[in-house]
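In what follows, a single structure is set out as structure tokens and then discussed.
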Amino acid sequence: MGLTPEETLRYHRQIILPQVGPEGQTRLKESSVLLVGAGGLGSPVALYLAAAGVGRLGIADGDVVELSNLQRQVLHDTPSVGRSKTESAHQRIGRVNPDVAVVEYPVRLDSSNALEIMEGWDVVVDGSDNFPTRYLVNDACVLLGIPFVYGAIFRFEGQVSVFGRGDGPCYRCLFRDPPPPEAVPTCAEAGVLGVLPGLVGTIQATEALKLLLDKGDSLAGRLLLVDTLPMEFREVEVRRDPDCAVCGDDPSVTALIDYEQFCGGTTTPLAAAPELQRVPEIDVEELRSRLGSGQSPVILDVRETHEWRISNLGPYGAKLVPLGRLQEIVGELDPDRELVVYCRSGYRSAIAVQQLASVGFDRAINLRGGINEWARRIDPSLPTY
Amino acid sequence: MMPNSASVTLRVPTSLSELTGDRDRIGFDVSTVDELLDRVRNDEPLLAGHLFADDGRIRGYVNLFVNGVDVRLLEAGERDLPPGSVVTIVPSVAGG
Ligand SMILES: [Zn+2]
């Protein structure tokens, strides 16, 4: 499959590069890249890979375009608000370069569909926005032997690398465990500089093209750190971990697992409910007035030990029981006493209250807003986090 | 900015700067990695809580790089910090 005269003209500036040439351009035309996520990172990747003449682009994203996406997701435009991201991406790519074949996967990747969707692509680009998908993409790529270009952003900072390539490291070699829920806010909660995914995504696109062309030194084995406030690019070395759970010498992960559970830390049978029902709540003011009134409730903190060190209600008799261990100690609690449960902001404690209710604790109540709300309204000497 | 006397700079990413009073660089006058980690435990308890598990090991979702090399990979003889060393915290971030 050679290049048509029109293609030779379209890609002329690239073909005259000695590192590309007609052979390299033909190679791009015959190659395929799957983009996981058509958001902030996926946007520049899709646009540049399409413009560069990559023959086939897959787009996996289950979301629809929202107005608040457009500040950074330059693949989509105002008339696309409300449409599926894959459809919007497909249409835009078609206008940039009608020669590119686009395959839409308008779903969120999970363990049941990932291998089928990801198999057969030359390169995967990870532009997802959550930890379960990132570990899923990593494991699926390692299992399928597909290199993937990793990119991730937060506020003003980004990270880029190439994982799963040959003997190189994988994402789990760098981050063995996912952070506990709530330890890391999402872009929706924390904000992100609109141009940052443009910066990081174009580096991902560059790495994808280098992998397809087999040119240059890939970022495999190096993690590039992009920091836009001081405008610094630094890199650190990442080695394959012989003890890595998926790419190590004796891997324990040999098939896809449940990544929501892996990243949620809610592995006890008590925590099965996927949707949170409304649970009884108490306001921080109300709790304060009850303390020392002769009807003080038992207080349970369901966060992790390091969070307890930041702030806690220990002076009021609070007891630390991380959510994952609640089941173990439930027998030590008195179901007839009132029990106030708190966490950082009220989400994990709501799960805990639900779990307790399911085993007969009718007087378990959730502290609305968690310890951060307590710190804001009752005790400003406590830090919030 | 770091004090002039500091020999080693700890770089804190924005995602964790809430734990350091918005400081993104903290200077330490130390000469080994272990001294540095002790000082972090003492002087920056909020940050230390994020970095270290209860057994004292660095958590699986955060990394410390000493002049670009993962601190977990440093051999016993490589734990000196020459003046001007930069120790970088690399957090897990998932935004896209
Ligand atoms: Zn690995």
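If you take the Cα Rg of the range A:1-111 and divide it by 2.2 N^0.38 Å, with N the number of residues, what do you get?
1.13
Calculate the dipole size of the range B:8-91 relative to its Cα centre from +1 charges on Lys and Arg beta carbons and -1 charges on Asp and Glu beta carbons; express the result in debye to the nearest 20.
200
If you count, for every residue in B:16-29, the Cβ atoms of partner chains within 10 Å of its Cβ, what is the mean?
If you average over the peptide's residues, the count of other-chain Cβ atoms is 1.
I need the shape label for the range A:65-206. Rule: rounded when a/c is under 1.5, else prolate if a/b > b/c, else oblate, with a, b, c from the alpha carbon gyration tensor.
Oblate, since a/c reaches 1.5 and b/c is not below a/b.
Work out the P(r) tail for the protein assembly as shown: percent of alpha carbon pairs separated by more than 41 Å, whole number.
In whole percent, the long-distance tail amounts to 26.
Could you order the peptides A:163-174, A:147-158 from most to least packed, using the average number of other C-beta atoms within 10 Å per residue?
In decreasing order of mean packing, A:163-174, A:147-158 become A:147-158, A:163-174.
Distance between the C-alpha centers of the range A:207-227 and the range B:51-79? Whole Å please.
If we compute the Cα centre of each part, the gap is 25 Å.
What is the distance in Å between the Cα centroid of the range A:289-362 and that of the range A:111-182?
The range A:289-362 and the range A:111-182 have Cα centres spaced 36 Å from each other.
If you take the charge dipole of the protein assembly as shown about its Cα centre, with +1 on Lys and Arg Cβ and -1 on Asp and Glu Cβ, which of A:PHE163, A:VAL192, B:GLY60 is farthest toward its positive end?
A:VAL192
What is the Rg over Rh value, at two decimals, for chain B, using alpha-carbon atoms and the Kirkwood definition of Rh?
Using Cα coordinates only, the ratio equals 0.94.
Can you give the % of DSSP beta bridges in chain B that are antiparallel, to the nearest 5? Don't skip to the answer; put the middle values down first.
Details: 13 of 17 bridges.
Around 75 percent of the beta bridges assigned by DSSP in chain B are antiparallel ones.
Per residue of A:53-60, count partner chain C-beta atoms within 10 Å of its C-beta, then hand back the mean as an integer.
That works out to 0 on average.
What do the square roots of 5 times the Cα gyration tensor eigenvalues come to for the range A:271-377, in whole Å, largest first, as semi-axes of the equivalent ellipsoid?
Semi-axis lengths for the range A:271-377 are 19, 16, 14 Å.
Answer rounded, prolate or oblate for the range A:31-268, using the Cα gyration tensor with square roots of eigenvalues a ≥ b ≥ c: rounded when a/c is under 1.5, else prolate when a/b is larger than b/c, else oblate.
Here the range A:31-268 falls in the rounded category.
Relative to the present Cα-Cα distance, how much length would full extension add between A:TYR316 and A:ASP249 at 0.36 nm per residue of separation?
Contour length minus Cα-Cα distance gives 19.2 nm.
Just so you know, all these numbers are worked out from the coordinates, no wet-lab data involved. This structure is a prediction, so every number in the text was calculated from the model and none was measured. Methodologically, a virtual Cβ is constructed for each residue, glycine included, from the backbone with ideal geometry; neighbour enumeration extends over all protein chains shown.
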